[in-house]
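What follows is one structure encoded as structure tokens, with my remarks underneath.
The values are calculated or read from the model by the stated rules, or taken from the named source; none is laboratory data. Computed from a predicted structure; not experimentally measured. No Cβ is skipped: glycine too gets one built from the backbone with ideal geometry, and neighbour counts run over all protein chains shown. Note: accessible area is taken over every heavy atom of the protein model, side chains too, but ligands, DNA and RNA are not part of it. Shrake-Rupley method; radii C 1.70, N 1.55, O 1.52, S 1.80 Å.
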Amino acid sequence: MQRRIVQLGILLAMVFTFANASAEDLVIGARAEPAIDPHFSYLSTNLAYARHIFGVLVQSDENSNLKPGLATSWKALDDTTWEFKLRKGVKFHDGSPFTAKDVLFSIKRIPEVPNSPNPFTGVIRSIKSTKVVNDYTIQFKTKEINPFLPKNLSEVIIVSEKAAKGASTAGFNSGKATIGTGPYKFVKYVSGDRLILQRYNGYWGEKPVWKNLTFKIISDDAARVAALMGGDVDLIDFVPPVQVAALEKRSNLKVFKRSSDRIIYLFVNVEADTSPYLTDLKGNPLPENPLRNPLVRYAISAGINRDAIVSRVMDGLATAESQTIPSGWFGYNDDLKNPEYDPKFAKQLLAKAGYPNGFGITVHGPNDRYVNDAKICQAVGQMLSRIGLKVKVDTMPKAVFFPKLGPPGTELAFGLLGWGNSPLESDGLVGLMHTYSKEKGMGQYNAGGYGNPAFDRLIEKALVTVDAKKRDQMEQQASKIAMEDFALIPLHTQYTIAAARRGIKFTPRADESTLAMNAVKD
Amino acid sequence: MTVFLIRRFTQSILVLFLVSLIVFIGVYTLGNPVKLLVDPRATQEEVAKITRDLGLDQPLHIQYATFLKSALKGDFGNSFIHNISAIKLILQRLPATFELAFVAICITIILGIPLGMWAGLRPDSFAGRGIMAGSILGFSLPSFWVGIMLVMFFSVKLGWLPTMGRGETVALLGIEFSIFTPDGLKHILLPAINLSLFSLSLVIRLTRAGMQETLPLDFVKFARAKGLSTRRVIFLHVMKNILIPIVTVLGLEFGAIIAFAVVTETVFAWPGMGKLIIDSINLLDRPVIVAYLLVTVTIFILVNMVVDILYSLLDPRVRLGEKKE
């Protein structure tokens, strides 16, 4: 009997052992669910999926630098006209040729996608008109000077006019309209489960490495890690930092990481006159908003030990930052430094500001949005209580947290936020710190309500400066103004972390996208 | 019977209506989903336009009226994330959850009742005590933890079973099922075991308690005195008596398993309704949340109805539709 059981066990083990897939196949365990219609929802994860199937005029490489895609070259003819020369001989997956008409169609389709809660309209906001000069030349007229148009166009997915005309979401999900020029062809999408793609042999660029490419959608962090360890997938994205050490110990796995474009910072509400989250030591709301006093913001910044957050909370998988532009990026100001961590000094600053005994403050934050978000809030809370503030920490799901944010009228006093810089580097300045203006479309994400005319003037000028060197200078100068005001309190940039089985080499991207094109056989 | 069904039906409609109202108000108070969904770089105008397009600028009662009107026609609105009809999305995911729940309930019955009987017949034996101790563990261990442990042991360490996902499917009457393929069975085993743990423990305890209550009763003694074999006494007479509460609980558990497969589906990345609802809640995908809860309530109502009917078949003393006056 016992022998039988052993035999059966061995048999089962043999049957159940992971069937070896071909070396030309890649299975990626991905955190995010795709939207197959590439113009439906403007999320970086959707763009990443779309980049496999479709092409873009201008490609963005792993360091978020621009390089030719479906357009081979581009130049500004005058202040508001851009001309793009298109690549010749490119064929869609159905064999039809790619021409300027497809570009025009894609641009026109974006605002017409029905029911979209998050359309791509913002990306093409600056385009006033599009003109097809000939099959391989296209011109864009912008409303104002827009030096960022090529960058904007790196996020405009080009669909085939022939296949996508009048197509609905169902048409895309079935694959009928999902015809692109990208390196992989659409095969099948099972909602909530997987997306299957196949190598497109007619791709204009470098030959795609993988014959069959499958994305398995595994939203749970632990499950994704287990799937890699169990050999069900070859590569996973968004590895939780706590797992990195354990994964690195396994000889059959490899971890790939780099600093991302996402800056994590604390917003400081200077807009509200009073707040229920700013109280005296007994818990009654203060008659004034102490955060309006720059000395208080200075004290908070000096009271936060960024290095400790990076090493303890983030397990070393983050880089401390002194501004909203990540180190080494366009517009990054090398001279800016955070105030040194000094709780005693911070206490003195508070006393100077008129709060020798501190005051009550609530640190708010999401608990399911950024890497270790809730833990960072707790750490910040502890540090601030060391400088004499009476701190409460309140973290909540992002679905509850984000609707509480302005501008205008942020309900919270102080809290944690993050910002991805890749789509447009200047947005880390304009979107986050320009005075909120509905008309200008600036300061749209300025949750704290900070405003400084000197900063506004400088950054508005930078936005219409085509000369990159000058713009860089202006942005650096603007950064300095805002940071000396403590418009917000930068903490760190989180890492993009991926892990793969041995035999695969993956290059993580600054924009946190997971692209099979960045995975090669090792 | 007919009267019973009609009355149940009207009650159900009322319940569905109330639930839709409560859920709608609940979701409404969570705030404007556009703020969460829209790209932060969008201008106020763009946000306002999207809000208008989705009808979210209307006051609550008008939004609810609009929803109710189209819901009566079977249209629960389009998912904000997937841009297809919410109800269709849920029904697409339903078979996956259903088969998972089905296998889990089979495990519960096939293992739970015999184990419970054993524990009831020999309460002081080593095996009996072991079964009871195990059932306490089944009750008290959190299922996400057990799930991860199962994966770590059977998939990562031993490599016998896949860590996650649903296996190969075959279409049966136009619906995709995975339990009819070997690959599908391999995939379903771990999540089904994980899902069944709680109800398994419950059934073991119920069966044991039932056994211990029934065994000393006169009719058992009488049956034994009559010279019936132990097997016949236990499997026919005793079983029939203890089965009634078990069937009730199994029915309720089946509903609960379907509705609350959320944790297991998340841990095992099982593409069912539970994973869908979690994702939808995270992204405030209102139409899906509302439709999901209504579908779940409907399932509960149906399951309860079936249980009541089964109940009357098992125990003829129970009459359906009889009003106590």
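Residues in segment A:401-418 that are within 8 Å of chain B (Cβ to nearest Cβ) and within 20 Å of the chain's Cα centre (by Cα): A:Phe402, A:Pro403, A:Leu405.
Exactly one residue among B:Ala71, B:Ala48, B:Ala65 is buried (at least 18 other Cβ atoms within 10 Å of the Cβ) and among the aliphatic types (A, V, I, L, M), and that residue is B:Ala71. Take A:Val113 and tell me if it is within 14 Å of chain B (Cβ to nearest Cβ) and at pLDDT 90 or above. Judged against the criteria, A:Val113 is not a match.
Of everything in segment A:114-146, what is surrounded by fewer than 19 Cβ atoms within 10 Å (Cβ to Cβ) and over 28 Å from B:Thr51 (Cα atoms)? Give them in sequence order. If the condition is that a residue be surrounded by fewer than 19 Cβ atoms within 10 Å (Cβ to Cβ) and over 28 Å from B:Thr51 (Cα atoms), then A:Lys131, A:Val132, A:Val133, A:Asn134, A:Asp135, A:Tyr136, A:Thr137, A:Gln139, A:Lys141, A:Ile145 are the ones that fit. Would you pick out the residues in segment A:500-522 that are closer than 21 Å to A:Asn372 by Cβ and either more than 19 Å from the chain's Cα centre (by Cα) or of a type in the set (Val, Ile, Thr) (or both)? Passing the criteria: only A:Thr514. Of the residues making up segment B:133-177, those that are surrounded by 16 or more Cβ atoms within 10 Å (Cβ to Cβ), away from chain A (no Cβ under 14 Å) and farther than 19 Å from B:Leu100 by Cβ are B:Gly134, B:Ser135.
Conditions (1) within 13 Å of chain B (Cβ to nearest Cβ); (2) aromatic (Phe, Trp, Tyr); (3) under 30 Å from B:Gly159 (Cβ atoms), marked per residue:
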position: A:Val209; (1), (2), (3): no, no, yes
position: A:Val225; (1), (2), (3): yes, no, yes
position: A:Val233; (1), (2), (3): yes, no, yes
position: A:Val242; (1), (2), (3): no, no, yes
position: A:Val255; (1), (2), (3): no, no, yes
position: A:Asp261; (1), (2), (3): no, no, no
position: A:Ser275; (1), (2), (3): no, no, no
position: A:Asn305; (1), (2), (3): no, no, no
position: A:Leu317; (1), (2), (3): no, no, yes
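In this entry, A:Thr274 is excluded by the filter for residues that are of a type in the set (Val, Ile, Thr) and within 27 Å of the chain's Cα centre (by Cα). Listed by first and then second residue, the pairs with beta-carbon distance under 9 Å, at least 6 apart or on different chains, first residue in segment B:300-325 and in a helix (DSSP H, G or I), second at pLDDT below 75 and open to solvent by less than 100 Å² (accessible area, probe 1.4 Å), are B:Phe300/B:Ala259; B:Asp308/B:Val318; B:Asp308/B:Leu320; B:Ile309/B:Leu320; B:Tyr311/B:Val318; B:Tyr311/B:Leu320; B:Ser312/B:Val318; B:Ser312/B:Leu320. Filtered by the rule that a residue be within 14 Å of chain B (Cβ to nearest Cβ), under 16 Å from the mean Cα position of the chain (by Cα) and not hydroxyl-bearing (Ser, Thr, Tyr), segment A:23-79 gives A:Ala30, A:Arg31, A:Ala32, A:Glu33, A:Pro34, A:Leu43, A:Asn46, A:Leu47.
Just checking, how many residues over segment B:198-233 are free of Cβ contacts under 8 Å to residues at least 40 places away in the same chain and not acidic (Asp, Glu)? I'd like the intermediate steps shown before the answer.
Filtering segment B:198-233 for residues free of Cβ contacts under 8 Å to residues at least 40 places away in the same chain gives B:213-214, B:216-233.
Then keep just the ones that are not acidic (Asp, Glu); that gives B:214, B:216-217, B:219-233.
Matching residues across segment B:198-233 total 18.
Filtering segment A:118-145 down to residues that are touching an Asp or Glu at 6+ places or on another chain (Cβ under 9 Å) and in a loop (DSSP other than H, G, I, E, B), which residue is farthest from the other protein chains (Cβ to nearest Cβ)? Going through the qualifying residues, I end up with A:Ile145.
Which is among the polar types (S, T, N, Q), assigned to a loop (DSSP other than H, G, I, E, B) and within 30 Å of A:Leu235 (Cβ to Cβ), of A:Ser327, A:Ser311, A:Ser260?
Working: A:Ser311 fails: assigned to a loop (DSSP other than H, G, I, E, B); A:Ser260 fails: assigned to a loop (DSSP other than H, G, I, E, B).
Result of the check over A:Ser327, A:Ser311, A:Ser260: A:Ser327.
In this structure, is A:Asp94 in the same structural domain as A:Val209 (by TED's automatic domain parsing), over 27 Å from B:Leu56 (Cβ atoms) and part of a loop (DSSP other than H, G, I, E, B)?
Working: in the same structural domain as A:Val209 (by TED's automatic domain parsing): yes; over 27 Å from B:Leu56 (Cβ atoms): yes; part of a loop (DSSP other than H, G, I, E, B): yes.
In short, yes.
Suppose we filter B:Ile246, B:Ile258, B:Ile281 for residues that are of a type in the set (A, V, I, L, M) and open to solvent by 60 Å² or more (accessible area, probe 1.4 Å); which single one remains?
Values: B:Ile246 fails: open to solvent by 60 Å² or more (accessible area, probe 1.4 Å); B:Ile258 fails: open to solvent by 60 Å² or more (accessible area, probe 1.4 Å).
Exactly one residue qualifies, and that residue is B:Ile281.
Touching a residue at least 24 places away in the same chain (Cβ under 8 Å), open to solvent by 40 Å² or more (accessible area, probe 1.4 Å) and either assigned to a strand (DSSP E or B) or more than 30 Å from A:Pro183 (Cβ to Cβ) (or both): does that describe A:Lys461? In short, no. Just to be sure before I move on: is A:Glu62 out of contact with any Lys or Arg (no Cβ under 9 Å at 6 or more places or on another chain), surrounded by 14 or more Cβ atoms within 10 Å (Cβ to Cβ) and modelled with pLDDT under 90 in the structure I sent? So A:Glu62 fails the test.
Condition first: modelled with pLDDT under 85 and open to solvent by 10 Å² or more (accessible area, probe 1.4 Å). Can you find one or more residues in segment A:470-493 that meet it? Give the steps one after another, and end with the answer.
At the first step, the residues of segment A:470-493 found to be modelled with pLDDT under 85 are none.
Checked segment A:470-493: no residue is modelled with pLDDT under 85 and open to solvent by 10 Å² or more (accessible area, probe 1.4 Å).
Scanning segment B:171-214 for residues that are farther than 26 Å from B:Ile136 by Cα, hydrophobic (A, V, I, L, M, F, W, C) and in contact with a helix residue (DSSP H, G or I) (Cβ under 8 Å, 6 or more places away or on another chain) yields a count of 3. Applying the condition of being touching a Phe, Trp or Tyr at 6+ places or on another chain (Cβ under 7 Å) and farther than 10 Å from B:Ile204 by Cα to segment B:106-132 and asking which residue is surrounded by the most Cβ atoms within 10 Å (Cβ to Cβ) yields B:Gly128. Restricting segment A:231-250 to residues that are hydrophobic (A, V, I, L, M, F, W, C) and not in a helix (DSSP H, G or I), the residue that is nearest to the chain's Cα centre (by Cα) is A:Phe238.
Against the conditions (1) over 26 Å from A:Lys480 (Cα atoms); (2) in contact with a helix residue (DSSP H, G or I) (Cβ under 9 Å, 6 or more places away or on another chain); (3) hydrophobic (A, V, I, L, M, F, W, C); (4) surrounded by fewer than 20 Cβ atoms within 10 Å (Cβ to Cβ), A:Ala454 satisfies every one except (1). The set of residues from segment B:19-45 being basic (Lys, Arg) and open to solvent by less than 50 Å² (accessible area, probe 1.4 Å) comprises just one member, B:Arg41.
Restricting attention to helices (runs of 4 or more DSSP H) lying wholly within segment B:1-120, give those where 1 or more residues are among the aromatic types (Phe, Trp, Tyr). Lay out the reasoning, then the answer.
Values: elements: B:2-29, B:33-37, B:44-53, B:60-72.
Qualifying helices (runs of 4 or more DSSP H): B:2-29, B:60-72.
Out of everything in segment A:237-275 that is free of Cβ contacts under 8 Å to residues at least 24 places away in the same chain and either open to solvent by 70 Å² or more (accessible area, probe 1.4 Å) or in the same structural domain as A:Val371 (by TED's automatic domain parsing) (or both), what residue ends up being farthest from A:Ala482 (Cα to Cα)? Looking at residues that are free of Cβ contacts under 8 Å to residues at least 24 places away in the same chain and either open to solvent by 70 Å² or more (accessible area, probe 1.4 Å) or in the same structural domain as A:Val371 (by TED's automatic domain parsing) (or both), I get A:Arg250. Looking across segment A:244-265, the residues that are among the hydrophobic types (A, V, I, L, M, F, W, C) and closer than 17 Å to A:Gly420 by Cβ come down to A:Ile263, A:Ile264. Here A:Ile217 clears all of (1) touching a residue at least 12 places away in the same chain (Cβ under 8 Å); (2) open to solvent by 10 Å² or more (accessible area, probe 1.4 Å) except the condition numbered (2). None of A:Asp342, A:Asp368 is open to solvent by 10 Å² or more (accessible area, probe 1.4 Å) and modelled with pLDDT under 90 except A:Asp368.
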